[in-house]
Each structure stands twice: as structure tokens, then as C-alpha cells.
Amino acid sequence: MGLLTEGINEVIATTGRNAAPMGIINRNGVLHMVLFRGSHTAENIVRERRVVANFVFDPVIYVRTAFDDLPTDAFVSEEIDGTVVCRLRDAEAWAAFAADVERSGDESIVVRLRPLKEEVLGLRLHPVNRGFAGIVEAAVHATRYVKSRDPWLGRLIEHHSSLIRKCGGPREWEALELLERYIADLTRE
């Protein structure tokens, strides 16, 4: 199984019909995820002890799944060793993992992942795009910003937004517009 590279791999994790951007940490072939308590993803992984990593290169999906739910038809069921898991219909590749809690703290849970199955469905070449990377970074900061209103996070979002405007294309610009709407709506409450 070799879809994940050394370091932190950004994927869209699915647990049942829930999807969220997550980082899978690969250090010397040992796989982990750090989950924030209170999230649907954390609750589902602790309960089901399974997670699917979806390899998706659509910046809009990263933003949408950071703040909202996808429609039911965005998911496909797969059976692995008698257990049904869900993956994203439009994923280029996916990998399913067993997930066991290694450490549990007040704010986060660390789970160790064990590969169960992976499949490449329609991999395409994706040149490095700083606009896409900026969306991933801005979305990570935004999920924390809407909870804390930390001005430093706001400045980081603005920094990445300027890179997205400069380096991205139409899909990244659409994702940025969506991200800005989510931030405005969630910080207004």
C-alpha cells in the first residue's frame, strides 16, 4: 500500500456519509491522525474504528467539507472484510484504514491507522499549484478562526488568500469565494 507519502498527507476523510479534510501523518511508515474532540469525524472514528482517505484535487471540496455536509449521492459504499465503508464518488483514489485510539487528551485524540485496502480509480497528473495549496492552508486556519476569532489566524488566511488570487485558477478562486462566505456567515453568529 503506497498512496501516502512521508509527512502529512492532506485528504478528505470519510466516516460513514460524513466527509472532512484531514491530515494523515506518515512517519517511517507509521500512520496516524490527530482528531479534535467534538468533531463528527472524531466521534465516528472512535465509534466505528474505520476511516477512508479520499484523494481529491478539487479545492471546492476541501472548503465545502471543512464547513458543510455533502449530499448523499456524493458517496459510494464499499465492502471490506464484511464491513461497509463509504468513499467519495469523485475520488481519484481511496484507502481504507482500521483506526485505533493511541492517546486521548482534553482537546485531541491520536489514532493509529492500519491499511485495509486502497484503490486507484482514475489518477491524473496534478502539477504543483500554490493556489490549491493556499486553499488547503486557508481552510485549515479558517476552521480554527471561526471558533477562536484569533487575529493571527485572520492574517494567515489573508496571506493565503493573496496567494490564491495570484497563483490559482478559476476553481481555486471559486473555493476562496466559498471560504470567505463561510467565514463571514460563521463569524456573524
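Just so you know, all these numbers are worked out from the coordinates, no wet-lab data involved. Keep in mind the model is a prediction, meaning the values are calculated, not measured. Cβ placement follows ideal geometry from the backbone for every residue including glycine, while neighbour counts extend to all protein chains displayed.
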*Could you list the residues of the stretch 1-44 with an amide nitrogen less than 16 Å from a label point located 7 Å from the Cα of Glu102 in the Cα-to-C-beta direction?*
5-9, 23-36
*Highest mean first, what order results for 180-188, 57-65, 134-142 on Cβ atoms within 10 Å?*
134-142, 57-65, 180-188
*Please give the helix 130-148 orientation as an angle from the longest Cα principal axis of the chain, in degrees from 0 to 90, rounded to the nearest 10.*
90 degrees
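What ranking of Leu176, Leu125 emerges when the number of other C-beta atoms within 10 Å of each C-beta is taken as an exposure proxy, fewest first?
Starting with the residue having the fewest Cβ neighbours, the order is Leu125, Leu176.
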*the chain pair-distance distribution - Cα-Cα, 10 Å bins, rounded %*: 9, 36, 38, 17, 1
*Roughly speaking, what is the stretch gain from Phe36 to Thr83, that is 0.36 nm per residue apart minus the C-alpha to C-alpha distance, in nm to one decimal?*
14.4 nm
*asked:* Just to confirm the number: angle between the C-alpha axis of helix 170-188 and the first principal axis of the chain, 0 to 90 degrees, nearest 10?
replied: 80 degrees
*asked:* Using a Förster radius of 22 Å, what is the FRET efficiency between Arg17 and Arg114 based on their Cβ-Cβ separation? Nearest 0.05, please.
replied: 0.45
*Rounded to the nearest 0.05, what FRET efficiency do Glu174 and Arg47 give with R0 = 35 Å and r taken as the Cβ-Cβ distance? Could you check?*
0.55
